[in-house]
Amino acid sequence: MSSNLALHVMAAVLAGLAANVSATDLRGRIDQRNPNGYIFPAAYVDVVLLSWNGNSWQPNQSARTGPDGMYFFTGVAPGRHALAVGGRNYTITVLNQNFQDVSPLVTP
């Protein structure tokens, strides 16, 4: 098998695997704004991933941010979710892909 053909076969296999993704790993950062308006990473903050069950939001997973404000969730089903941080919910849409970066959330 030529190396060019081998690359095409490998690309087809990887594309097939990506098309069948049923769970996503999420990564994001929580930031806070201090009284002077400066934004900085929110260290050691609890983050709860909520899932919509058709009637209400239900807790799915929880995490605590690291010193850099980063949090991680694994195996999240694609669809409508929310992140609960500091008494507020931030709605997100989880895509059908292996990994997803969530835009930083700035909390008061």
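Only the coordinates and a few stated rules stand behind these numbers; no lab work does. The structure presented is a predicted model; accordingly, all values stated were derived computationally and were not measured. Every residue, glycine among them, receives a Cβ derived from its backbone with ideal geometry; neighbour counts consider all protein chains shown.
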| query | Could you list, in sequence order, the residues of the stretch 63-77 that are buried (at least 18 other Cβ atoms within 10 Å of the Cβ), on the phi < 0 side of the Ramachandran plot and part of a loop (DSSP other than H, G, I, E, B)? | reply | Thr65
| query | Using beta carbons and a limit of 9 Å, which pairs, at least six apart or on different chains, have the first residue in the stretch 26-40 and farther than 17 Å from Val76 by Cβ and the second one basic (Lys, Arg)? | reply | Ile39/Arg33; Phe40/Arg33
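Can you pull out the residues in the stretch 63-91 that are among the β-branched types (Val, Ile, Thr) and touching a residue at least 12 places away in the same chain (Cβ under 8 Å)?
Here is the first cut: in the stretch 63-91, the ones among the β-branched types (Val, Ile, Thr) are 65, 74, 76, 85, 91.
Of everything in the stretch 63-91, those that are among the β-branched types (Val, Ile, Thr) and touching a residue at least 12 places away in the same chain (Cβ under 8 Å) turn out to be Thr65, Thr74, Val76, Val85.
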| Under the condition of being of a type in the set (A, V, I, L, M) and either outside any strand (DSSP E or B) or touching a helix residue (DSSP H, G or I) at 6+ places or on another chain (Cβ under 9 Å) (or both), which residue from the stretch 78-108 is surrounded by the most Cβ atoms within 10 Å (Cβ to Cβ)? | Val102
